[in-house]
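S.K.: Sharing a structure below in structure tokens format, with a few things to ask.
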Amino acid sequence: MTMNYCMTLLGALALLPSACGPEAATTTDSATDTTSPTTGPVDTSTGEAPTTSGVDSTGVDTTGTDTTGVDTTTGGECLEFHTNVWPDTEAVVQFTCGLDAELCPSDPDAVLFKFEAGPEWDDTATTDDLARVHCVLEALRDRQPGQVKYVLFWPVLGPDTGSLEIVGDFVISRRETINDFNYDYSEAGLVLEPSQMFADCRAANTATAAWQCLRPYINIDIEEHKAQECVTAPLVCE
């Protein structure tokens, strides 16, 4: 045999095991393979009715917020709420420390302030009960725990009512307005100004001076209250 022929024959013999041997297995045992992704449907039913994505039972948009086992408000966010959706019966309070003692009570029909245009626009105000206005300023000055309920009077086609729940150095403000067929409800937790400010307003002895001090805590549904430092979640009652 020639050298070339021998080399060719040896090369062919060397290839025989790979060409004729068993092929590598290509299937996996599903009982032991823990890396293969699940391709079948996953049963996530809990027997409960599905909830609307991004909206909780109060109508608050919670999109992007993990609400599992926690309140809809998250740490660091201002305690504030606003809606113009009519409630079934009455407005549902969102934030409270449960301080229900009524401060500075008066006739239910008595108004705290009167305006020619409205609290969103008027810098001046009048009142039929200046002594009660003084009482409100004193309660805020002294951080007296409890709630002041108020009524505002202006050319509105419906009631304008609210409350101030005093909790230590902050207040939870609420306001509900019905103007013709338009409904508006707001809440906000706001840090109170130093006591001396309310004392100075009390000493001024006028409804307008009192209104200037109380305005940021009443006009909570507009940008005006943003000038006040807000209370952040979670709510801590003192």
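S.K.: Check off (1) open to solvent by 80 Å² or more (accessible area, probe 1.4 Å); (2) not in a loop (DSSP other than H, G, I, E, B) for residue 148 and give me the number that stays unchecked.
M.R.: Single failed check for residue 148: (1).
S.K.: Pick out the one residue from 167, 92 that is closer than 30 Å to residue 232 by Cβ, at pLDDT below 95 and either aliphatic (A, V, I, L, M) or open to solvent by 80 Å² or more (accessible area, probe 1.4 Å) (or both). Reasoning before the result, please.
M.R.: On the way: 167 fails: at pLDDT below 95.
Answer to the selection: 92.
S.K.: Also, I was wondering about something else. Does the range 125-139 hold any residues that are surrounded by 15 or more Cβ atoms within 10 Å (Cβ to Cβ), in contact with a helix residue (DSSP H, G or I) (Cβ under 8 Å, 6 or more places away or on another chain) and farther than 11 Å from residue 153 by Cα, and which are they? Before the answer, list the steps.
M.R.: Step one: of the range 125-139, the residues surrounded by 15 or more Cβ atoms within 10 Å (Cβ to Cβ) are 125-129, 132-139.
Checking the rest, the ones that are also in contact with a helix residue (DSSP H, G or I) (Cβ under 8 Å, 6 or more places away or on another chain) come to 125-127, 133-134, 136-138.
Listed by number, the residues that qualify are 133, 134, 136, 137, 138.
S.K.: For residue 175, state whether it is touching a Lys or Arg at 6+ places or on another chain (Cβ under 9 Å) and closer than 23 Å to residue 106 by Cβ.
M.R.: Numbers: touching a Lys or Arg at 6+ places or on another chain (Cβ under 9 Å): no; closer than 23 Å to residue 106 by Cβ: yes.
No: the conditions fail for residue 175.
S.K.: Consider residue 212 against the criteria (1) open to solvent by less than 40 Å² (accessible area, probe 1.4 Å); (2) touching a residue at least 12 places away in the same chain (Cβ under 8 Å): it satisfies all of them except one. Which criterion is unmet?
M.R.: Only one criterion is unmet by residue 212, namely (1).
S.K.: As an exercise: evaluate residue 118 against (1) free of Cβ contacts under 8 Å to residues at least 60 places away in the same chain; (2) buried (at least 19 other Cβ atoms within 10 Å of the Cβ) and give the number of the one condition it does not meet.
M.R.: Residue 118 satisfies every listed condition except (2).
S.K.: Go through the range 178-191 and count every residue that is in contact (Cβ under 8 Å) with a residue 12 or more places away in the chain and surrounded by fewer than 22 Cβ atoms within 10 Å (Cβ to Cβ). Before the answer, list the steps.
M.R.: Applying the first criterion (in contact (Cβ under 8 Å) with a residue 12 or more places away in the chain) to the range 178-191 yields 178-180, 182-191.
Narrowing the set further to residues that are surrounded by fewer than 22 Cβ atoms within 10 Å (Cβ to Cβ) leaves 178-180, 182-184, 191.
Residues that pass the stated criteria total 7.
The values are calculated or read from the model by the stated rules, or taken from the named source; none is laboratory data. Small disclaimer: the values here were computed from a predicted structure and weren't measured. In this analysis, Cβ positions are derived from the backbone assuming ideal geometry, glycine residues included, and neighbour counts consider all displayed protein chains. Accessible surface areas use protein heavy atoms only, side chains included; no ligands, DNA or RNA. Shrake-Rupley method; radii C 1.70, N 1.55, O 1.52, S 1.80 Å.
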